[in-house]
1. Here are A196, A250: which of them is outside the structural domain of A161 (by TED's automatic domain parsing) and of a type outside the set (D, E, K, R)?
2. Looking at A250, A242, A203, A277, can you tell me which residue is small (G, A, S), part of a helix (DSSP H, G or I) and surrounded by fewer than 17 Cβ atoms within 10 Å (Cβ to Cβ)?
3. Is one or more of the residues making up region 9-29 in contact with a strand residue (DSSP E or B) (Cβ under 6 Å, 6 or more places away or on another chain), assigned to a loop (DSSP other than H, G, I, E, B) and aliphatic (A, V, I, L, M)?
4. Return yes or no: is G190 more than 24 Å from L111 (Cα to Cα) and either modelled with pLDDT under 95 or not assigned by TED's automatic domain parsing to the domain that holds A127 (or both)?
5. Would you say L111 is buried (at least 21 other Cβ atoms within 10 Å of the Cβ) and within 20 Å of the chain's Cα centre (by Cα)?
6. Could you count how many residues in region 28-56 are closer than 24 Å to M80 by Cβ and surrounded by fewer than 17 Cβ atoms within 10 Å (Cβ to Cβ)?
7. Yes or no: region 25-42 includes at least one residue that is of a type outside the set (A, V, I, L, M, F, W, C), outside the structural domain of T108 (by TED's automatic domain parsing) and within 43 Å of the chain's Cα centre (by Cα).
8. Please go through region 329-362 and give me each residue that is closer than 19 Å to V276 by Cβ and among the polar types (S, T, N, Q), ordered by number.
Amino acid sequence: MPLTATGPAGIELDATVCDETLWASVHRQRPRVVLSCRVCGGPMHAKVSSVGSRFFAHDGLAQTCPSLGETPEHRSLKRMVASSLRDLGYRAELEATPSDGDHGGWRTDVLASSNHGTRVAFEVQLAGMTIDEGARRTELYRRDGIQCVWITPRNPRWFTALPACRVSDESGRLDVLRGLGRLTREGAGGWEPADAVPFERLADALMRGHVTTVQQAWLHETIDANVVFSEDVVLLVTTSEAADLDARRAEQRRRQETHAKNLADLYERQQRTLQVAIDHATGAALDEILIGVPPTLWNGALPVDRRIARGSDATGGGAAIWSGDASGGRHLWAVICPVVTKATPSLGSSWRRRGVRVYAETDREAGRIAQALGWRAHEVVVGLPKV
């Protein structure tokens, strides 16, 4: 039972905004005023429900009309959505159809439009619907440059797969209880359910272009005292927070790329300097030369692969060379290019006491490592490779 109809001379009638004079001119008039359905073209008449709500009804059973099946709850929600939008100063057309230039294929419950050309379709959905059907209809709006938001007072299965909000009028106004997201306050960054807000606040933000949709792999929500886990969730979020998250993730990617480059540079320095340290170790006439963590007997092959000689936190992330003796003892002989952030004063104290050599490729790197270890710069061996 629609809230709109076509009146005499093709005038479009909206039962939610008709003044008393206009309504009286079409309601219970004799002879009857000719009214027709905007969807199927069938004859209609104006009616008033038992609670005083105005609407239009088909004269007979119109089995093929898409407007069939609308309940009083459905009509009430459409009225409240339209009223909220009009109070905000926006145009709200009930049961709107495509305009010239639209691809079409849709008929929306409430189509809101602004003076700047923004259009948002509010679809009240109480009946069952598949996710595929909702996605198809949402795409029809997107194709015509219209943002679509699904309105429901329930928690249907399609809810998290579409841009949607669960509403309630228990407070005497229309409130949005579910479907909104906000940035998480902790962790690497993502979305969590936002608090309830008045529908007018969401509607105004949508019309101003301050709300967008995002998709998240999963979401935990508390719904009616039950914790619910959902996958591939669509949320309505503010464009400012979406931009903040994009910036945070871009910064995170930049740091990861920088870290990867720094790590690659470190490995290259270790590889080059390790060859110098091995040359020094062979010149020191050690009984045995072992490399890496755990220590593995070096087979004499050159050049030595940094990956075989890699160390651990105990070597400050630097490559390791060990000396061995006939009794099977193993003594750390050298650490090559330790990571500055892992080279602590406690390691520096231990290595000095045990006579461990520390290598760096350049004077600059030697200064940074020495400062981290609590050593003097000249105590770090600068192992510039031979050219």
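The values are calculated or read from the model by the stated rules, or taken from the named source; none is laboratory data. These numbers come from a predicted model, not from an experiment. For neighbour counting, all protein chains shown are included, and Cβ atoms are generated from backbone atoms with ideal geometry for every residue, glycine included.
1. None of the other options fit; the residue is A250.
2. The unique qualifying residue is A250.
3. yes
4. yes
5. No; evaluated as a whole, the condition is false for this residue.
6. Of the residues in that region, 7 qualify.
7. yes
8. Correct list: T362 only.
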